[in-house]
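A.B. asks: I am attaching a structure below and will ask some questions about it afterwards.
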Amino acid sequence: MNFNFDLVVTSFPLLLLGAGVTIKITVMSVALGVLIGLFVGIARICRVKPLRFLAAVYVDFFRGTPLLVQIFLFYFAVPVITGQRIDPYVAAVGSCGINSGAYVAEIIRGGIMSVDNGQFEAGRSLGFNYVQTMLYIVIPQVFKSVLPALLNEFIALLKETSVAGYVGIMDLTKAGDLIRGRTFSAFMPLIAVALVYLIIVMLLTSLVGQLERRLRKSER
């Protein structure tokens, strides 16, 4: 096996830079996904049939097609229609965020359906309309129950953002590929990339575990 170990070590700052880009894209994508997922999740169970239909189409499409295809559509196909070139970061965050929104919508929908109907009746007894009941009574309870699932979605999306390299973004995976090209070896750079991903995921998993324990204690 031929590889330049010293060059791999000296290229480690590039991995850290790529990891920072990966985390940045993930955070922005999750924020966008939660925002979209909240509205789509509510639309999935609302009484307006057209909204339910559109929400179902959105969820089915973005859950049923690969994220790589979606980012290609966002980066290459949309400019053909609009005539405007899209920034790679906008394409990455947009496609990852919209994709995440489909999964978050199902998480939110499940959380809303798990809320006891008595909560809705309590809202009506207080004089709240449907929107006020959702905003002030149901949604706060939903976020508390689905927060661990949302954090797990954050972890999953962290790994899925590796597709950002296909549109020219220097994320963690792309950084490893660049190091591979410099060292003419795939083993060490890929192992280094995998370890960095693993460390980040383990830290996030630890945070999710701590949060779940605190939520269980607060419910007692």
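The values are calculated or read from the model by the stated rules, or taken from the named source; none is laboratory data. Note that this is a predicted model, so its numbers are computed, not measured. A quick note on method: Cβ atoms are made from the backbone with ideal geometry, for glycine too, and the neighbour counts reach across all protein chains shown. Each accessible area value is taken on the protein alone, full model and side chains, heavy atoms only, with ligands, DNA and RNA left out. Shrake-Rupley method; radii C 1.70, N 1.55, O 1.52, S 1.80 Å.
A.B. asks: In the stretch 151-172, what residues are over 17 Å from residue 86 (Cα atoms) and either in a loop (DSSP other than H, G, I, E, B) or among the charged types (D, E, K, R) (or both)? It would help to see each step written out before you state the result.
C.D. replies: Of all residues in the stretch 151-172, those over 17 Å from residue 86 (Cα atoms) come to 151-162, 171-172.
Matches in the stretch 151-172: 153, 159, 160, 171.
A.B. asks: Considering 53, 62, which residue is modelled with pLDDT of 90 or more and farther than 24 Å from residue 169 by Cα? Give the derivation first.
C.D. replies: Details: 62 fails: farther than 24 Å from residue 169 by Cα.
Checking each option against the conditions leaves just 53.
A.B. asks: Could you identify the single residue in 189, 148 that is closer than 23 Å to residue 110 by Cβ, touching a helix residue (DSSP H, G or I) at 6+ places or on another chain (Cβ under 6 Å) and either of a type outside the set (Ser, Thr, Tyr) or assigned to a helix (DSSP H, G or I) (or both)?
C.D. replies: Values: 189 fails: closer than 23 Å to residue 110 by Cβ.
So the residue among 189, 148 that is closer than 23 Å to residue 110 by Cβ, touching a helix residue (DSSP H, G or I) at 6+ places or on another chain (Cβ under 6 Å) and either of a type outside the set (Ser, Thr, Tyr) or assigned to a helix (DSSP H, G or I) (or both) is 148.
A.B. asks: So, one more: Could you pull out the residue among 138, 57, 90 that is closer than 16 Å to residue 37 by Cβ and without any contact (Cβ under 8 Å) to a residue 12 or more places away in the chain? Give the steps one after another, and end with the answer.
C.D. replies: Details: 138 fails: without any contact (Cβ under 8 Å) to a residue 12 or more places away in the chain; 90 fails: closer than 16 Å to residue 37 by Cβ.
Exactly one residue qualifies, and that residue is 57.
A.B. asks: With respect to residue 105, determine if the residue is touching a Phe, Trp or Tyr at 6+ places or on another chain (Cβ under 9 Å), more than 16 Å from residue 153 (Cα to Cα), hydrophobic (A, V, I, L, M, F, W, C) and in contact (Cβ under 8 Å) with a residue 12 or more places away in the chain.
C.D. replies: Working: touching a Phe, Trp or Tyr at 6+ places or on another chain (Cβ under 9 Å): yes; more than 16 Å from residue 153 (Cα to Cα): no; hydrophobic (A, V, I, L, M, F, W, C): yes; in contact (Cβ under 8 Å) with a residue 12 or more places away in the chain: yes.
No: the conditions fail for residue 105.
A.B. asks: Restricted to the stretch 139-150, and to residues that are open to solvent by 10 Å² or more (accessible area, probe 1.4 Å) and modelled with pLDDT under 85, which residue is nearest to residue 204 (Cα to Cα)?
C.D. replies: 148
A.B. asks: Give just the number: which of (1) closer than 23 Å to residue 153 by Cα; (2) in contact with a Phe, Trp or Tyr (Cβ under 7 Å, 6 or more places away or on another chain); (3) open to solvent by less than 70 Å² (accessible area, probe 1.4 Å) does residue 63 not satisfy?
C.D. replies: Going through the list (1) closer than 23 Å to residue 153 by Cα; (2) in contact with a Phe, Trp or Tyr (Cβ under 7 Å, 6 or more places away or on another chain); (3) open to solvent by less than 70 Å² (accessible area, probe 1.4 Å), residue 63 breaks only (3).
A.B. asks: May I ask you to list pairs of residues, at least six apart or on different chains, whose Cβ atoms are under 6 Å apart, with the first in the stretch 152-167 being farther than 15 Å from residue 207 by Cα and the second being open to solvent by 10 Å² or more (accessible area, probe 1.4 Å) and of a type in the set (Phe, Trp, Tyr)?
C.D. replies: Listed by first residue and then by second, the contacts come to 167/75.
A.B. asks: OK, next. Exactly one of (1) open to solvent by less than 60 Å² (accessible area, probe 1.4 Å); (2) touching a Ser or Thr at 6+ places or on another chain (Cβ under 8 Å) is unmet by residue 185. Its number?
C.D. replies: Of everything listed in (1) open to solvent by less than 60 Å² (accessible area, probe 1.4 Å); (2) touching a Ser or Thr at 6+ places or on another chain (Cβ under 8 Å), residue 185 misses just condition (2).
A.B. asks: State yes or no: is residue 206 surrounded by 15 or more Cβ atoms within 10 Å (Cβ to Cβ), over 20 Å from residue 92 (Cβ atoms) and not aliphatic (A, V, I, L, M)?
C.D. replies: Working: surrounded by 15 or more Cβ atoms within 10 Å (Cβ to Cβ): no; over 20 Å from residue 92 (Cβ atoms): yes; not aliphatic (A, V, I, L, M): yes.
So residue 206 does not fit the description; no.
A.B. asks: Could we say that residue 161 is under 23 Å from residue 66 (Cβ atoms), among the hydroxyl-bearing types (Ser, Thr, Tyr) and open to solvent by less than 30 Å² (accessible area, probe 1.4 Å) here? Reasoning before the result, please.
C.D. replies: Working: under 23 Å from residue 66 (Cβ atoms): yes; among the hydroxyl-bearing types (Ser, Thr, Tyr): yes; open to solvent by less than 30 Å² (accessible area, probe 1.4 Å): yes.
Yes; evaluated as a whole, the condition is true for this residue.
A.B. asks: Tell me, which helices (runs of 4 or more DSSP H) wholly within the stretch 76-138 include 1 or more residues that are under 30 Å from residue 24 (Cα atoms), modelled with pLDDT of 85 or more and open to solvent by less than 20 Å² (accessible area, probe 1.4 Å)? Let's see the steps before the verdict.
C.D. replies: Values: elements: 78-82, 88-114, 117-125, 130-133.
By residue number, 88-114.
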